[in-house]
1. I'd like to compare 56-65, 104-113, 80-89: which one has the highest average count of other Cβ atoms within 10 Å, and what's the full order after that?
2. Can you work out the accessible area per residue across segment 36-114, with the rest of the protein chains kept in place, probe 1.4 Å, in square angstrom?
3. Could you tell me what percent of the accessible area of segment 62-130 is made up of carbon and sulfur, with a 1.4 Å probe and every protein chain present?
Amino acid sequence: MITRPSAMYSTAAALVFLTVALAAAGNGRVRANDRGGGDQANGKRLYLADGCFGCHGRVGQGGTLNYPTPALAQIQLPLDSFIAFLRGASKDMPSFSADVLSDKDAADIHAYLRSLSGHRSTSDFPLLNQ
């Protein structure tokens, strides 16, 4: 069986993401922003200004660059895990140190991503059901 490189990268990225999420989730800490805080308007501004949309889509729907990039809309990753991933991102995604993107700004982006509608069924679009 021959495995496509894009599938291998997608799987590897997912494993790294899951590992970071599980490691951070086990520490039992909950920040205020995990309970719905964070400035969504500032998060949207930063998400667009920092170029996140170039790979992850303008509304967090995901996309493709050199391989599939994950959808971030309605992100379920805890805030601590999200920040840890931003600090040590892999592959083509740049890392963002605290000097470049503060924890507060990362929390604002996280709040914005949680607010997005995410994937919607085609039945939600009346024109597609005529």
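The values are calculated or read from the model by the stated rules, or taken from the named source; none is laboratory data. In this text, all values refer to a predicted model and were calculated from it rather than measured experimentally. Glycine gets a Cβ as well: all are built from the backbone with ideal geometry, and neighbour counts include every protein chain shown. These area figures cover heavy atoms from the full protein model, side chains too; ligands, DNA and RNA do not enter into them. Shrake-Rupley method; radii C 1.70, N 1.55, O 1.52, S 1.80 Å.
1. Ranking, from highest mean packing down: 104-113, 80-89, 56-65.
2. Per-residue value: 49 Å².
3. Ligands and nucleic acids excluded, carbon and sulfur give 54 percent.
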